[in-house]
Amino acid sequence: MPTEHGVGGSNPPGRVFKSGSVTGPNLFLGLFFYLEKKKIMAYFDESFDLDQFYMSEALKLAKAAKEQDEVPVGAVITHEGKIIARAHNQVETLKDPTAHAEMIAITQAASHLGNKWLNDCEMFVTIEPCSMCVGALVLARIKRVCFGAHDEKTGACGSVFNIAQSGILNHKIEITSGVLNRECAQIISGFFRSKR
Ligand SMILES: [Zn+2]
């Protein structure tokens, strides 16, 4: 039905919204949403850190390991920003010395992608990986490993060995360290303290 307002003219006369005419409750509502948007933007701009977000997911897995009386280490692997593997240490449960969180996560990710190489993937793990795990991560050609606490006893991303960036091997892994360092160190040191 044609109307005097033409296209989009389904508004009844007298209720056509004009810019600059916002008053009363609309003004308060507008101000409220404006301030909320500012808060959300500030959250993303200043305090939202993706590495910290994925590390907090790995920490949840470390806590799950602790509940099963396993050494609390957790790992996630992301692909194009999406978590495709989540694992925690299961050495005691499986009676398997290779059942580190990283090893289980590598198997999950490769299986998920149907690819033995994880070139476009990143791992977030609560503690610096050992020589076995970094060896496997080099074989998987993972792009980056981000870890929380350094491991001065067995860490193979620079602390004891540097298998991650050895010039001898055919793949180097980008390393980011110290993400949520305090939380990651606390969960593991607390676990060993409780065992003494
Ligand atoms: Zn390991």
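Okay, here's what the table says:
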| read-out | value |
| --- | --- |
| Separation of alpha-carbon centers, region 94-139 and region 44-85, rounded to whole Å | 14 Å |
| Chymotrypsin sites (Phe, Trp or Tyr not before Pro) restricted to DSSP loop in region 110-196 with at most 13 other C-beta within 10 Å | Trp117 |
| Per-residue HN-Hα couplings for region 157-171 [Karplus 6.51, -1.76, 1.60; θ = phi - 60°; Hz; x = Gly/Pro] | 10, x, 5, 10, 10, 10, 6, 4, 10, 6, x, 7, 7, 8, 8 |
| Computed lengthening from Phe32 to Thr93, 0.36 nm per intervening residue step minus Cα-Cα distance | 16.7 nm |
| Cα-Cα over 26 Å, subset of Lys63/Lys153; Lys37/Lys63; Lys153/Lys195 | Lys37/Lys63 |
| For peptides 130-141, 175-186, sequence by mean Cβ density within 10 Å, most packed first | 130-141, 175-186 |
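Every number here is computed from the coordinates shown, using simple stated rules; none is lab data. Just so you know, these numbers come straight off a predicted model, no measurement behind them. Every residue, glycine as well, gets a Cβ built from its backbone with ideal geometry; the counts of neighbours run over all protein chains shown.
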